[in-house]
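Everything below concerns the one structure shown next.
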Amino acid sequence: MIDTQTIRIQETPNSRINELDENNIPFGKLYSDHMFMADYKDGEWQDLRIEPYQNISVSPANTTLHYAITIFEGLKAYRNPQGEVVVFRPQANAKRLNISAERMCIPDVPESLFMEALTELIKLDSSWVPSAPNTSLYIRPFVFGTDEYIGIRPSENFRFMIITCPVGAYYSQPVNVKIETEFSRAFEGGTGFAKAGGNYAASLYPAKLAQEQGFHQLIWTDGKNHEYIEESGTMNVMFIIDNTLITAPASGTILKGITRESVLTIARDWGVKVEERPVAVKEIIAAAKEGRLKEAFGVGTAATIAPIAKIGFENEVYELDDSQRDFSAKILKELNDIRTGIIEDKYGWTYKV
Ligand code: COI
């Protein structure tokens, strides 16, 4: 356990909390007063500190600027009816960060360091956790290489940081997605399972092309033959065909979403038939044509549960019937009620700060 005494805290004399309007929070634009930082040098994490949120400086030869040696996580804190602050499944994020870290030659961040850093930061900025419906404090832990070196080799020095920002909805309306069959997000043996910055950078150009065609996002397909559904960049994707909940298995090419796992756990508990298996594009299109595709939705930390309104595939657009969104509406309410402490958390998912 890292001793909290080792985290130096420098409080800001100029809080910006009055810039927060809980009823109008754009995603990712306004950051809380403080940030956590630690540096990895000589084989250990050191200089643990919380400082006022501010720009940081890096060398122009910084290894991450050139080669994307960076990983991140996303999780959220909520305010419960007693006014306390609870974080949803932070230990799961700590574990996943280290899975990404190994793939990118980044040192482990011990779970105890992750938890202490997060706890102290959220305690200090607890007034930034909003309480309006559908709002939360988005927490962004990330690690990046800090070597001043433009040769290619794993970095030797790193920084671990946590910043936070109050957020409302990521998507303000049901999303229109295009099934991508030309570009690939990931391939066997690649970094698809890791939350690595480069995965997101590589997704931008295909997503931009889809946006020019009127879609919000892509549904990625397998990098080999584009026959199977993978994920949707910022979220995992689920389908209800007849009465079965179907989603792709979290393989080496798909991010193992924590919201994904939470939804599957609750659905199984409810007795819903769940299938985690390869999902063929042609199966989804056939079900859509036959009226058996009841629901499609994205699941992710930022997006929560994002209903899909339209699916584009090969110049056709399949519209989903919005009166059938029973499961996604019910699971969203259940998740929200667990996260905000409105109902009992029988899974032990919430962590009180
Ligand atoms: C999250 O859901 O936390 C994500 O990582 C999505 C983010 C890229 C906005």
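The values are calculated or read from the model by the stated rules, or taken from the named source; none is laboratory data. Every value quoted in this text rests on a predicted model; they were computed, and no experiment measured them. Methodologically, a virtual Cβ is constructed for each residue, glycine included, from the backbone with ideal geometry; neighbour enumeration extends over all protein chains shown.
Are any residues in the range 229-246 under 18 Å from F187 (Cα atoms) and in contact with a helix residue (DSSP H, G or I) (Cβ under 7 Å, 6 or more places away or on another chain), and if so, which ones? Reasoning before the result, please.
Our first condition is that a residue be under 18 Å from F187 (Cα atoms); within the range 229-246, this holds for 229-237.
Of everything in the range 229-246, those that are under 18 Å from F187 (Cα atoms) and in contact with a helix residue (DSSP H, G or I) (Cβ under 7 Å, 6 or more places away or on another chain) turn out to be I229, G233, N236.
Every residue in the range 308-346 that is closer than 28 Å to E283 by Cα, in contact with a Ser or Thr (Cβ under 9 Å, 6 or more places away or on another chain) and part of a loop (DSSP other than H, G, I, E, B), please.
The answer is E314, and nothing else.
Could you say whether any residue in the range 192-209 is over 17 Å from the mean Cα position of the chain (by Cα), touching a residue at least 12 places away in the same chain (Cβ under 8 Å) and assigned to a loop (DSSP other than H, G, I, E, B)?
no
Mind counting the residues in the range 218-266 that are at positive phi and within 13 Å of the ligand (Cβ to nearest atom)?
1
Only one of these is within 19 Å of R260 (Cα to Cα) and at pLDDT 95 or above: V143, V175, V129. Name it.
It is V175.
Could you tell me whether any residue of the range 169-179 is among the small types (G, A, S), part of a loop (DSSP other than H, G, I, E, B), free of Cβ contacts under 8 Å to residues at least 24 places away in the same chain and out of contact with any Ser or Thr (no Cβ under 8 Å at 6 or more places or on another chain)? Full working, then the answer.
Taking the range 169-179 and keeping what is among the small types (G, A, S), we get 169, 172.
Right, trim to part of a loop (DSSP other than H, G, I, E, B) and you get 169, 172.
So of that shortlist, the ones also free of Cβ contacts under 8 Å to residues at least 24 places away in the same chain come out as 172.
With out of contact with any Ser or Thr (no Cβ under 8 Å at 6 or more places or on another chain) added as a condition, the list becomes 172.
Among the residues of the range 169-179, at least one is among the small types (G, A, S), part of a loop (DSSP other than H, G, I, E, B), free of Cβ contacts under 8 Å to residues at least 24 places away in the same chain and out of contact with any Ser or Thr (no Cβ under 8 Å at 6 or more places or on another chain), which makes the answer yes.
For A132, are the conditions met, namely being assigned to a loop (DSSP other than H, G, I, E, B) and either within 24 Å of T234 (Cα to Cα) or within 16 Å of the ligand (Cβ to nearest atom) (or both)?
Criteria met by A132.
State whether one or more residues within the range 199-215 are buried (at least 20 other Cβ atoms within 10 Å of the Cβ), within 15 Å of the ligand (Cβ to nearest atom) and among the small types (G, A, S).
Checked against the condition, which is being buried (at least 20 other Cβ atoms within 10 Å of the Cβ), within 15 Å of the ligand (Cβ to nearest atom) and among the small types (G, A, S), the range 199-215 yields at least one hit.
Residue-by-condition table, conditions (1) over 19 Å from the mean Cα position of the chain (by Cα); (2) within 16 Å of the ligand (Cβ to nearest atom); (3) within 25 Å of G145 (Cα to Cα); (4) part of a strand (DSSP E or B):
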| position | (1), (2), (3), (4) |
| --- | --- |
| E11 | yes, no, no, no |
| S15 | yes, no, no, no |
| D21 | yes, no, no, no |
| N24 | yes, no, no, no |
| K29 | no, yes, yes, no |
| Q46 | yes, no, yes, yes |
| S59 | yes, no, yes, no |
| V87 | no, yes, no, yes |
| K95 | no, yes, yes, no |
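Can you work out which of the residues in the range 1-46 that are at pLDDT below 95 and within 15 Å of L113 (Cβ to Cβ) is surrounded by the most Cβ atoms within 10 Å (Cβ to Cβ)?
By that ranking, first place goes to I2.
Does at least one position in the range 59-74 carry a residue that is surrounded by 15 or more Cβ atoms within 10 Å (Cβ to Cβ), more than 22 Å from R159 (Cα to Cα) and in contact (Cβ under 8 Å) with a residue 60 or more places away in the chain?
no
So R153 fits all but one of (1) outside any strand (DSSP E or B); (2) touching a residue at least 40 places away in the same chain (Cβ under 8 Å); (3) away from the ligand (no atom under 13 Å from the Cβ); what number is the exception?
Failing condition for R153: (2).
Could you tell me how many of the residues in the range 75-97 are in contact with a strand residue (DSSP E or B) (Cβ under 9 Å, 6 or more places away or on another chain) and either farther than 17 Å from F160 by Cα or surrounded by fewer than 19 Cβ atoms within 10 Å (Cβ to Cβ) (or both)? Show your work before the answer.
Quick first cut of the range 75-97, residues in contact with a strand residue (DSSP E or B) (Cβ under 9 Å, 6 or more places away or on another chain) only: 75-80, 84-94, 97.
Right, trim to either farther than 17 Å from F160 by Cα or surrounded by fewer than 19 Cβ atoms within 10 Å (Cβ to Cβ) (or both) and you get 76-80, 84-89, 91-92.
So the answer is 13.
Evaluate the range 327-336: report whether one residue or more is among the small types (G, A, S) and within 16 Å of E230 (Cβ to Cβ).
Within the range 327-336, none of the residues are among the small types (G, A, S) and within 16 Å of E230 (Cβ to Cβ).
Could you grab the pairs with beta carbons closer than 7 Å, sequence gap of 6+ or different chains, first residue in the range 255-269 and without any contact (Cβ under 8 Å) to a residue 12 or more places away in the chain, second one more than 13 Å from the ligand (Cβ to nearest atom)?
R268/V274
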